[in-house]
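**Q** Take this structure, written in structure tokens, and hold onto it; I'll ask about it next.
The values are calculated or read from the model by the stated rules, or taken from the named source; none is laboratory data. Just so it is clear, the model here is predicted, and its values are computed rather than measured. With ideal geometry, Cβ positions are generated from the backbone for all residues, glycine too; neighbour counts draw on all protein chains shown.
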Amino acid sequence: MPPNYQWMPANPETVHAGKTDPDQVIPPGFVRQTAWASLARNPPEARPPDLQGLYIEPIPPPPAAPDWQPILWRWADTWRRDSIQRVITGGGFPAYRFEVSQCDKASPGTAGDHPRAELFSVDPAEKRRDRPAPEGSLGSLGDGDEYWATFAIFIPSDFPVNQNWATLFQRKLDDSYFATPKDPNKPNVLNFMTWFTINVHKKSAGTEVDASIPGYPAFVGAPGGAPIDVTICDLGEIAGQWAQFTVHEKLSSSGTDGAADVTLKVANKPKKMVPVAPPPAKTFPVKDANLPAGDVKGHFQYGYYRDNGLAPGATLRPGTGVVYYTPLMFSRTVVNVPQLP
């Protein structure tokens, strides 16, 4: 049975930009949007328009217990009001359209010339751990947990290849405590990286799609870890067609049973499973790292986030880029990965 794209959550969302902000109630199925370039127009607007979300019905549908659930988006970090749009594809199904241009600026709090058009499963206050995140379909991710997340992406053939990097998917356990891996005031962190990302990188031999390594990357002076990201494929292998990624992690602080991998499926080609942190791996911070209460609680981000500067060897900054996505589905049981789109 094909995915049902008509499903919508039944309840409104309440979100907060800051710790003490009043409740912002968002209608069911909508997402709070920043649109930093045009925060609000003349009255009666008090803020940029909320973005209508796009979801797939739980699989199998109610009343059965779902094996796969849609990730509910709570925040859209955009520069323009049209940075993220809902479109109907040539296949007749809806999708998200993410756009970043050479004129877009970075969101407040983002370092460098790094604009984004991304969806977040937490609001800014939850992202900074100022407020507890709702359980929702994702719930918390902690030591010993295992999950799968899947989505399909269409990268047009004219996607800019002269960008230094672009990030397409992020799973984070934290967005503040581990943001400075060499903070001398937090020695027990031991440079542990808590994110897992899928990216596009400009390389000397071309442009590749790769995944970051959760754990201990080989920063200068840091113990252990792999020196580079793990290549999934060349960009040309998936450009101009739908490609489905399935991310899998087993979170482990002991290093005895942790794992991380990405499976790629492109039409008419066999599945390709790429180990990112082969088992046994340490994929979660050590238990005695003096973590602040509630500090490790996972969330997802996806969309288009990139470096707008000159890539090494390039003479021009990247032009406008567009990426299309299906909704993101989440499972703790991985029974029959749904075929997307």
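**Q** Just checking, which of Asp82, Asp67 is under 20 Å from Ser121 (Cβ atoms), acidic (Asp, Glu) and out of contact with any helix residue (DSSP H, G or I) (no Cβ under 7 Å at 6 or more places or on another chain)?
**A** Exactly one of Asp82, Asp67 is under 20 Å from Ser121 (Cβ atoms), acidic (Asp, Glu) and out of contact with any helix residue (DSSP H, G or I) (no Cβ under 7 Å at 6 or more places or on another chain), namely Asp67.
**Q** May I pose another question? Could you count how many residues in region 245-274 are under 17 Å from Ala149 (Cα atoms) and of a type outside the set (Phe, Trp, Tyr)?
**A** The total comes to 19.
**Q** Can you tell me which residue within region 121-144, out of those that are crowded, with 16+ Cβ neighbours inside 10 Å and among the hydroxyl-bearing types (Ser, Thr, Tyr), is modelled with the lowest pLDDT?
**A** Of everything passing the filter in region 121-144, Ser137 is modelled with the lowest pLDDT.
**Q** Follow-up. Any residue at all in region 80-88 that's without any contact (Cβ under 8 Å) to a residue 40 or more places away in the chain, closer than 14 Å to Gln301 by Cβ and in a loop (DSSP other than H, G, I, E, B)?
**A** Checked against the condition, which is being without any contact (Cβ under 8 Å) to a residue 40 or more places away in the chain, closer than 14 Å to Gln301 by Cβ and in a loop (DSSP other than H, G, I, E, B), region 80-88 yields no hits at all.
**Q** Take Arg41 and decide whether it is of a type in the set (Lys, Arg) and either under 23 Å from the mean Cα position of the chain (by Cα) or outside any loop (DSSP other than H, G, I, E, B) (or both).
**A** no
**Q** Is there any pair with a first residue in region 108-127 that is acidic (Asp, Glu) and a second that is buried (at least 23 other Cβ atoms within 10 Å of the Cβ) and in a loop (DSSP other than H, G, I, E, B) whose Cβ atoms are under 7 Å apart and which are 6 or more apart or on different chains, and what are they?
**A** Taking only residues 6 or more apart or on different chains, the pairs are Asp123/Arg74.
**Q** Return the residues of region 251-281 that are over 16 Å from Ala211 (Cα atoms) and in contact with a Pro (Cβ under 9 Å, 6 or more places away or on another chain); say none if nothing qualifies.
**A** Selection gives Leu251, Ser252, Ser253, Ser254, Gly255, Thr256, Asp257, Gly258.
**Q** Answer yes or no: is there a residue in region 289-300 that is over 16 Å from the mean Cα position of the chain (by Cα), within 30 Å of Asp130 (Cβ to Cβ), part of a strand (DSSP E or B) and at pLDDT below 95.
**A** no
**Q** Among the listed residues Pro134, Pro108, identify the single one that is touching a Leu at 6+ places or on another chain (Cβ under 9 Å), part of a loop (DSSP other than H, G, I, E, B) and either at positive phi or not hydrophobic (A, V, I, L, M, F, W, C) (or both).
**A** One residue alone meets the criteria, Pro134.
**Q** Can you tell me which residues in region 32-86 are among the polar types (S, T, N, Q), closer than 19 Å to Gly109 by Cα and at pLDDT below 90?
**A** Hit for region 32-86 is Ser38, nothing else.
**Q** May I ask you to list pairs of residues, at least six apart or on different chains, whose Cβ atoms are under 6 Å apart, with the first in region 228-256 being surrounded by fewer than 16 Cβ atoms within 10 Å (Cβ to Cβ) and the second being among the acidic types (Asp, Glu)?
**A** Close Cβ pairs satisfying both conditions: Thr231/Glu208; Thr231/Asp210; Asp234/Glu208.
**Q** Something else now. Which members of region 302-324 meet the condition of being in contact with a strand residue (DSSP E or B) (Cβ under 7 Å, 6 or more places away or on another chain) and either charged (D, E, K, R) or buried (at least 24 other Cβ atoms within 10 Å of the Cβ) (or both)?
**A** Listed by number, the residues that qualify are Tyr302, Gly303, Tyr304, Tyr305, Arg306, Asp307.
**Q** Can you tell which of Thr20, Thr34 is within 19 Å of Ser121 (Cβ to Cβ) and of a type in the set (Ser, Thr, Tyr)?
**A** Just one listed residue meets the conditions, Thr34.
**Q** Oh, and also: Scanning for something assigned to a strand (DSSP E or B) and small (Gly, Ala, Ser), does region 115-124 turn up at least one residue?
**A** yes
**Q** Just checking, does region 101-114 include any residue being over 13 Å from the mean Cα position of the chain (by Cα), of a type in the set (D, E, K, R) and within 24 Å of Met193 (Cα to Cα)?
**A** So far as region 101-114 goes, yes, one or more of its residues are over 13 Å from the mean Cα position of the chain (by Cα), of a type in the set (D, E, K, R) and within 24 Å of Met193 (Cα to Cα).
**Q** Something else now. Restricting the search to region 1-38, which residues are out of contact with any Gly (no Cβ under 8 Å at 6 or more places or on another chain), of a type outside the set (S, T, N, Q) and in a strand (DSSP E or B)?
**A** Hits for region 1-38 are Glu13, Val15, Val25, Ile26, Arg32.
**Q** Just checking, how many residues over region 142-158 are of a type outside the set (Val, Ile, Thr), part of a loop (DSSP other than H, G, I, E, B) and closer than 24 Å to Thr207 by Cα?
**A** Of the residues in that region, 3 qualify.
**Q** Return yes or no: is Asp257 at pLDDT 85 or above, charged (D, E, K, R) and over 24 Å from Ile153 (Cβ atoms)?
**A** Yes; evaluated as a whole, the condition is true for this residue.
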